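First the structure, in the form of structure tokens, and then the observations on it.
The values are calculated or read from the model by the stated rules, or taken from the named source; none is laboratory data. Since this is a predicted model, take the numbers as computed values, not measurements. All Cβ positions, even for glycine, are placed from backbone atoms using ideal geometry, and neighbour counts span all protein chains on display. Accessible surface is based on the protein model in full, side chains and every heavy atom, while ligands, DNA and RNA are left aside. Shrake-Rupley method; radii C 1.70, N 1.55, O 1.52, S 1.80 Å.
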Amino acid sequence: MNASRTLATARRVLRQLGHDPRTIALLLLVPILLLVLLYYVFDADRRAFDSIGSSLLGIFPLVTMFLVTSIATLRERTSGTLERLLSMPLGKGDLIVGYALAFGLLAVVQAALATGVAIWFLDLDIAGSPWLLLLVALLDALLGTALGLFVSAFAASEFQVVQFMPAMIFPQILLCGLFAPRSSMQPVLEGISNVLPMSYAVDGMTEVLHHTEATGDFVRDLGIVAGSALLVLALGAATLRRRTA
């Protein structure tokens, strides 16, 4: 890997995204709009909003970053841009990390906006620090970016990218503990949920909701989410093809 090539890749991706206002709007505004909608759905039960809203504050960035990253990367691959770049002295690691940096910067902005709106405008009541909530939301968004980069290597069209949503994202939403405690699930389902990174993202948000300080479980959850993102990025680099089929 070369730092200058990695940063050049990140700048190029950011320039391209700057010319696509719809993608920027999807990344930055959709999670906020969904949180506002959820706020009014639970208007008569603020405790339910605090519980579910904190969890969704981590899930929404993951889902939107997964979708946008996978589609944007796929467009570069199908248009031949990726193949031309890899024919130059540019390593796979430079390319993957450059994409991760570019989308990671957007993930920082997205997570900050969503967390700020939830805490200061929607009065999300949490026991812990808003900065801890922001940290979990940011790592979730980075995990979504890593998953999107990984999935784009196996899709031949944008429609196929969307088809990966039910396969990779929906099961995690169902099993992450959002709808029912994971300990109350059937043993097989609980075992599956224990290896899904979104489960630990939700657990981390729950720790911030109920504890004033960072607990040992919170640190563990954060480490698992971050480790999962790094592992998926490494897999994305390993599966990146130099030629487009």
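Looking across segment 33-72, the residues that are over 17 Å from residue 229 (Cβ atoms) and open to solvent by less than 30 Å² (accessible area, probe 1.4 Å) come down to 35, 38, 48, 49, 50, 53, 54, 55, 56, 57, 72.
Taken together, the residues in segment 126-157 that are at pLDDT below 85 and assigned to a loop (DSSP other than H, G, I, E, B) amount to 5. If the condition is being surrounded by fewer than 22 Cβ atoms within 10 Å (Cβ to Cβ), over 20 Å from residue 202 (Cβ atoms) and of a type in the set (Val, Ile, Thr), then segment 105-160 contributes 108, 109. Out of curiosity, is residue 82 modelled with pLDDT under 80 and closer than 15 Å to residue 149 by Cα? Spelling it out, residue 82 is indeed modelled with pLDDT under 80 and closer than 15 Å to residue 149 by Cα.
What are the pairs, 6+ residues apart or on separate chains, where a residue within segment 204-233 that is basic (Lys, Arg) has its Cβ under 8 Å from a residue that is in a helix (DSSP H, G or I) and open to solvent by less than 70 Å² (accessible area, probe 1.4 Å)? From segment 204-233, the pairs are 220/200. Listed by first and then second residue, the pairs linking a residue in segment 167-186 that is farther than 29 Å from residue 152 by Cβ to a residue that is at pLDDT 90 or above and buried (at least 17 other Cβ atoms within 10 Å of the Cβ), with Cβ atoms under 6 Å apart and 6 or more places separating them unless they lie on different chains, are 182/193.
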